[in-house]
Structure formats: structure tokens, C-alpha cells
Amino acid sequence: MLQVRDGAGETLGMLFDRYQTPLFNFYSKLTGDRALSEDLVQEVFLRILKYRQSYRPGTPFRAWVYQIARNTSIDHFRKFPPQTALEPEMLPPFVPSDSVQEQQEIELLQRALQQLPEEKREILLLSRFQELKYEEIAALLGCELNTVRTRIHRALQDLREAFHQLARGTMLKKAEAAAAEKTPPRGARHEL
């Protein structure tokens with residue numbers, strides 16, 4: 001980043017190669033929209049070039065780039081408030097599993113994550129999916145380290161509750177479907 005800051009724009013390609021996928025995953029889990037996520041990643045790199053002089057030596061680049069990413073999404077949603085629902089096929093692909101149950105749990109977790117308010121979803125994405133340290137998140141959000149710990153703890157509790165509610169709903173639907181298969185149609189006569 002220091003080379004980019006000093007005018008060597010061609011080195012931005014190396015940063016793009018390294019951070020494009022993590023930023024895309026961050027945005028796609030945050031927005032649920034693949035095309036928007038791609039646009040926001042592009043905007044982040046445009047802003048890196050535009051604001052390259054604001055980068056300070058010694059500042060962790062990852063924390064700095066996620067601050068830009070966060071500001072980019074805030075600016076976008078101020079201009080264009082979200083109006084579309086999550087499209088599950090737009091979520092980033094995950095490693096296929098042999099276990100149908102594990103796949104269903106991953107889908108339920110993605111749906112539960114999307115049910116959280118944006119600020120809780122964002123802090124979980126930064127800490128669990130983007131693996132930022134709590135200190136980096138505190139600097140990014142402009143709050144105390146203990147505040148970050150508390151927010152993550154509460155977000156995890158809400159995620160757990162949303163996941164369990166979705167899981168209970170899924171189990172109830174499966175039980176109703178199984179019961180419907182066993183119930184004879186109305187007017188059918190049974191032989192004894």
C-alpha cells in the first residue's frame with residue numbers, strides 16, 4: 001500500500017488480487033446481492049486510489065481497507081435504501097458436503113444471518129467471516145474493545161435464536177408434510 005500511496009498504481013493489482021474475494025464475501029453476506037457486491041468491491045478499490053494519501057504507514061492495511069469498505073456500503077445505502085429481499089442463489093458458494101443435514105444447516109445459518117439487523121450482521125461478518133481482530137473492529141467502529149465484545153456476544157445470541165426459530169419452523173414443516181402423506185384422502189374407504 002505504501003507503493004500505491006507513493007504513486008505506483010500498478011501495485012494496486014496485487015492488493016486487488018489479495019482482497020477482492022474477502023471483500024466480495026463480506027458484501028455478499030451483508031447484502032445478499034451478487035451484482036451489488038461486485039459493484040461495491042470495485043468502488044472500494046476506486047476509493048483506495050482516490051484516498052491513497054490518507055493511508056498512514058504502520059496502520060494495518062486490512063483494517064484500513066475494511067473502513068473504506070464499511071464507508072462505501074454506508075454511502076451506497078444512504079443513496080439507495082435496500083428494497084429487495086435476499087436471493088439465496090446470490091449467496092457465495094460454499095464447499096459442498098455429503099451431508100444433507102449439514103447443507104440444510106448452512107442454508108438456515110445464512111437465512112438467520114440475513115434476519116439480523118445490519119449492524120449485528122456487519123460485526124459478525126467482520127469478526128467471524130473476515131477474521132478481523134477485536135482491536136481492529138474497535139478501531140473500525142470507533143468504540144471500546146469491551147463494546148465490541150459485548151456487541152459480538154449479543155449478535156451471536158440473536159443469530160443463535162434466529163437459527164433455532166428457523167430450524168423449528170423447518171422441522172414443523174417436515175412433520176406436517178410427513179403427516180399429510182400418512183393421512184388418507186377424504187372420502188377414501190379403507191378395507192378392514
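What follows draws every value from the coordinates through simple rules; no lab data is involved. Computed from a predicted structure; not experimentally measured. Here the Cβ is made from the backbone with ideal geometry for all residues, glycine too, and neighbour counts use every protein chain on show.
Separation between the E144 and E118 pseudo-spin-labels, each 7 Å from Cα along Cα→Cβ, expressed in nm?
Calculated label separation equals 2.7 nm.
Rounded to whole Å, give me the distance from the Cα center of segment 114-144 to that of segment 25-61.
After rounding, the separation between the Cα centres reads 15 Å.
Setting aside same-chain residues fewer than 8 positions from K50, which aspartates and glutamates have a Cα under 13 Å from its Cα?
Answer for K50, where 13 Å is the Cα cut-off: D6, listed by chain and number.
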